[in-house]
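The values are calculated or read from the model by the stated rules, or taken from the named source; none is laboratory data. Owing to the predicted nature of the structure, the values given are computational and were not obtained by experimental measurement. Here the Cβ positions follow ideal geometry from the backbone for every residue, glycine too, while neighbour counts run over all protein chains shown. Just the protein is used for accessible areas: all its heavy atoms, side chains included, with ligands, DNA and RNA removed. Shrake-Rupley method; radii C 1.70, N 1.55, O 1.52, S 1.80 Å.
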Amino acid sequence: MKQIILIFFVLMFSGMPALAEQPIPVRHFFEHAKFNNIKLSPNGQNIAFTFQEDTEVKLAVMRLKDKAILSSFAFGENMHVLNFHWGNDTRVLMEVAEITGNLVSMTGTPVNLYAANIDGSRRTELFRTEMSAYTILHLLPDQPDRILIGKRHYAERNGMRAFTLDINRARERYLDDQPRGVIAGLLPDNSGAIRVGIEFIEGKTFDENRAVIHYKRGNDWQQLSLPSKRANPEVNPLGFSADNTKAYFSSNHDMAEDDVAGLFVYDFATSELNLIARHSYSDIGRGFYSHDGEVLAISYTATANEIEFINAEHKDAKLLAGLKAAFPGQLVSITSFDRKGKLALFRVSSDRNPGEFFLFDTEQGKATYLAAAMPQLKPQQLHPMQAIEFSARDGKIIRGLLTTPANVNKDLPLIVNVHGGPFGVVDTWGFNREAQFFASRGYATLQINFRGSGGHGDDFYRAGRLQWGKAMQDDVTDGTLWAIEQGIAAKDRVCIYGGSYGGYAAVWGVIKEPDLYQCSVGYVGVYDMPLFFRGDGSDASRSRTIGQFITSHVGEGDDYMRSISPVHHVDKIKAPLFIVHGSKDVRVPIVHANNLRQALDAAGKPYEWMVKEDGHGFFNVDNREALYTKMLEFFDKHIGKKPD
């Protein structure tokens, strides 16, 4: 099969004319993707796909045999179809939420569930998230008019409970046989039967929270006692074997320190629990599944495209391995199968490929090209991203990513791009619009997964707690110094940039290290830390547990918050600033930018300013084009081409 696939793609892409060397227009990097995701119907006759227009992400259904669009679904301004599923051969399910910026985290965002027939008829709201929320647990293919959901009611304290939901009439049916306790998550087997539950036990502090595993053996629910070496281990179910005799989950319970999550398998017949996979420094990212539900392989979050096969002899694992061989150095994932496993729809992407979709016929050994996410960008025009690592000042290993212009890796102007979050967020290898845009204009981009970032184990995550503006910022500084010491960056041609928390770090960086950076761009950043602690009116500040989280992760008290607050230390700034915000930002309200502006004016510090009628990260393509055009001018002015 590998040979067939390789021959097909050699034939498909040979003979393409070379592209003339010319700058890619700014807008091409920041246009919306033509296709976000595509999934195959169970009968293999149709595809459903999501795409973005203006502020909306819509869904459409297309018949494969003649490429006819059967229907299209939209939900209004800022409404996004975040995920979708085939409920059966003729009905699609759509998970829809209001998203007001492209840097908005989905945590706590209300998501509603809709269903519609593929001809556009019988559009029905199945679930509205208000006082309760849902999670789709299983599509129940043997019950074509029902799905299995987990439902949480905010007024009750019993966590998640399982229901079947009629996808035509929106009627729920409670399932009696469920584990007791405040259940945080439920895992059904491949038949749709609930077999595992994760109980959440809330403590008085963040560190006293803990989890308990419940599993069903025979007719009884029992607790699985993990021989834990940690006070509060992480446990994340991944799925079942195809025959439902084994359950897979990731956990760090067996590592007392310097942990990363490994993959464990529990055998219901023998009660044996075994570790079967673990990376040296990365947590498990996602699972890859067969058409019959088997866990085929896992990815590792903090690596450049590493996956490990778990059931390599399964026919779908061999298919996945063959596709990876056909696309060396790229990420390959199967988005969907038909119900028989004859057809597989897969996506290919990389640092230089924003994403392409293909349909593979396993009987004919033939792949058919379907669509590209961003066809205006060609892989041969884009630039490589490589994984890097360095030692921080305290000896901790810090990892990140470096994107450089073609054929140049020394004495470059460097943009240090700090990710948002900051806790649990991780920059991963793959296509990055900003890094590719800057590389096309001659700039290197360094992305640093400082302590507190995700994907590198719980201890690494915890090492960032109470280090907002401190060791987390020092890691960014040390990464910058590493790039200079390695000769990658010219020491007098370095700027720092970031969005959300990254916007904070960009401004705090030129306060804490006033002689290191030649300029700074703060984008939708948090700048007034006492205001952030008291509550700045953001959507996140209304969360029930936000106070506990801020106290345990950021700090508490007005004096402490002032000590790490950019608004209160602008007198130390030497580098030129460019401050960017959205007037409609509900995650980090514009009051942060306005308060920073007032402080800069009072201190007589110059800055450049841009505010657009947009949200937490600009969605409007015109606004994006204006932002990155202005940002490039700003970088060119301060760290651009050396004079001849």
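See the values below:
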| quantity | calculated |
| --- | --- |
| Accessible surface, the chain, averaged per residue in Å² (probe 1.4 Å) | 43 |
| Candidate aspartates and glutamates - alpha carbon under 18 Å from Lys630, same-chain residues fewer than 8 apart omitted | Glu31, Glu434, Glu608, Glu613, Asp614, Asp622 |
| Largest-first ellipsoid semi-axes for the chain, taking √(5λ) over the Cα gyration tensor eigenvalues, angstrom | 39, 31, 25 |
| Cα-based reach from Lys151 at 24 Å (exclusive), listing lysines while leaving out same-chain residues under 8 positions away | Lys216 |
| Accessible area (Å², 1.4 Å probe, nearest 10) - Arg286 | 100 |
| Compactness of the stretch 508-644 - radius of gyration and Dmax, Cα, Å | 16.1, 58 |
| Estimated 222 nm signal from helices in the chain, with DSSP H stretches of n ≥ 4 weighted -39500 (n - 2.57), rounded to 500 | -5500 deg cm²/dmol |
| Positive-end residue of Leu93, Gly76, Pro42, charge dipole of the stretch 38-115 with Cβ unit charges | Pro42 |
| Dipole-positive endmost among Pro514, Ile550, Trp482 within the stretch 430-564 (Cβ charges, Cα centre) | Ile550 |
| Phi to ³J(HN,Hα) by Karplus 6.51 cos²θ - 1.76 cosθ + 1.60 over the stretch 276-281, Hz, x for Gly, Pro | 10, 7, 7, 8, 6, 9 |
| Isotropic mean projected area of the C-alpha convex hull, the stretch 115-259 (nm²) | 11.0 |
| Cβ charges +1 (Lys, Arg) and -1 (Asp, Glu), total dipole of the stretch 540-644, debye | 140 |
| Solvent-accessible area, 1.4 Å probe, carbon plus sulfur percent, for the chain | 49 |
| Pairs beyond 25 Å (Cα-Cα), from Lys246/Lys324; Lys396/Lys637; Lys65/Lys342; Lys410/Lys572; Lys396/Lys641 | Lys246/Lys324; Lys396/Lys637; Lys410/Lys572; Lys396/Lys641 |
| Largest to smallest accessible area among Ser552, Ser191 [probe 1.4 Å] | Ser191, Ser552 |
| Of every Cα-Cα pair in the stretch 283-418, the percent that sits beyond 22 Å | 49 |
| Considering only the chain, percent of DSSP beta bridges that pair antiparallel, nearest 5 | 85 |
| Those aspartates and glutamates that a straight Cα-Cα span of less than 19 Å connects to Lys315, excepting residues fewer than 8 apart in one chain | Asp243, Asp292, Glu294, Asp338, Asp361, Glu363 |
| The stretch 151-305 - charge dipole about Cα centre, Lys and Arg +1 at Cβ, Asp and Glu -1, debye rounded to 20 | 500 |
| Dipole axis of the stretch 261-325 (+1 Lys, Arg; -1 Asp, Glu on Cβ), positive-most option in Leu263, Phe288, Asn311 | Phe288 |
| Net charge dipole size for the chain [Lys, Arg +1 and Asp, Glu -1 on Cβ; Debye, nearest 20] | 780 |
